[in-house]
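For reference, the structure is listed below as structure tokens.
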Amino acid sequence: MNREASLSHEQSSNRPEIRDAWFAMRLSLLFGVLMLVGKLAAYFLTGSSAILADAAESVVHVVAVGFAAFSLRLSARPAGPTFLYGYERISFFSAGFEGAMIVLAAIAIIVTATHNWISGLQLEHLGAGALLVFGAMVVNGVLGWYLIRTGRKAHSLILEANGKHVLTDSLTSFGVIAGLVLVMLTKWKPFDPVLAFAVSLNILWSGGHLIWKSARGLLDYSDPDAGREIRQHLDTICSELQLKYHGLRFRTTGYRQLIEVHLLFPRNTSVGDAHQLATLLEERLPASLRMPSEVITHLESEEDHEDVHSRVHYTGTPL
């Protein structure tokens, strides 16, 4: 890595939002391990299939956080000669991986609860187990909110997906507690696996949503709200600079937006003047947007750009 790349990497790593994201990820991993230990202790104390399923979801969470931490570090690396656009799109793959892990956890819950129901439910010390799970639920609820908030502030899909996974874990614990309370109140043990099934459906939805969000990002889905914001500011800046444009395209890497736009100039405009105006737009537009952005412009002649596009796109005639 040359000196400029090293400086770029150091500056990227020292950005406040990146530091916040790293701190949040370390917290997630630490509390994930602690919650797993607590839930396993609750399972061995009670024998509850719902608590075991909750613990299994925590195992998946720890594995997913480990992968997310790797993805977060990789995404912060600067572009290089092999990956010219950087590594930021790993965030979509990480979100998809975490979504898949959530789905696998839901399946594990269903299988475990079914097996325990068929083989006979043996439950004891439910009050103590419920207290342990309640503590885990509260901690995960606060942690999940913090991770999502930090992820959105840092424009980190990796951290936001991790936060949603933690909130899912908290909801799982809530369902488990509800099942344990119903068992204690009614003495009907099947409430334990029934609530485990209900929780698994919510987990399946959450994991499926993450997978869909990952797929949209990898397929360069253009968010309509982001498009409206870009066009609004682009119209304002082009009006001030007396520019016309067309061919606007944009996509997100998970951390920033990549925006492409064609600028139209009168035929007699010098290359130097056109380039100066284009550079002004490339600097002003990102400063107006909420999400970090990079703008790439293409300069065209206003008089014949439609004819040139028509020849290239429909007849294959080279420029």
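Bear in mind that the values in this text are calculations on the coordinates, not laboratory data. Everything numeric in this text was worked out from a predicted model, so none of it was measured. All Cβ positions, even for glycine, are placed from backbone atoms using ideal geometry, and neighbour counts span all protein chains on display.
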TODO: Can you tell me the 0 to 90 degree angle between the C-alpha axis of helix 224-241 and the longest principal axis of the chain, rounded to 10?
DONE: 30 degrees
Task: Residue-averaged 222 nm ellipticity for the chain, from DSSP H runs of 4+ at -39500 (n - 2.57), nearest 500 - done: -25000 deg cm²/dmol
Open item on the list: Suppose the chain between R256 and A128 were pulled fully straight at 0.36 nm per residue; how much longer would it get relative to their current alpha carbon spacing?
Closed with: 41.4 nm
TODO: For each pair in K39/K189; K39/K153; K153/K213; K213/K244, compute the distance between the two Cα atoms and list the pairs where it is over 28 Å.
DONE: K39/K153; K213/K244
Task: Y85-A215 FRET efficiency (beta carbon distance; Förster radius 22 Å; 0.05 resolution) - done: 0.70
- [ ] Please give the helix 271-288 orientation as an angle from the longest Cα principal axis of the chain, in degrees from 0 to 90, rounded to the nearest 10.
- [x] 20 degrees
TODO: Return a whole-number percent for the relative contact order of the chain, with Cα pairs under 8 Å and 6 or more residues apart as the contact set.
DONE: 17 percent
TODO: Please list the non-local residues whose amide H lies under 5 Å from the amide H of F250, H modeled 1.01 Å from N, same-chain partners needing a gap of 5 or more.
DONE: E260
Task: Highest to lowest packing among 60-72, 209-221, scored as the average C-beta count within 10 Å - done: 60-72, 209-221
Task: Among 105-111, 26-32, the order from most to least packed when residues are scored by Cβ within 10 Å on average - done: 105-111, 26-32
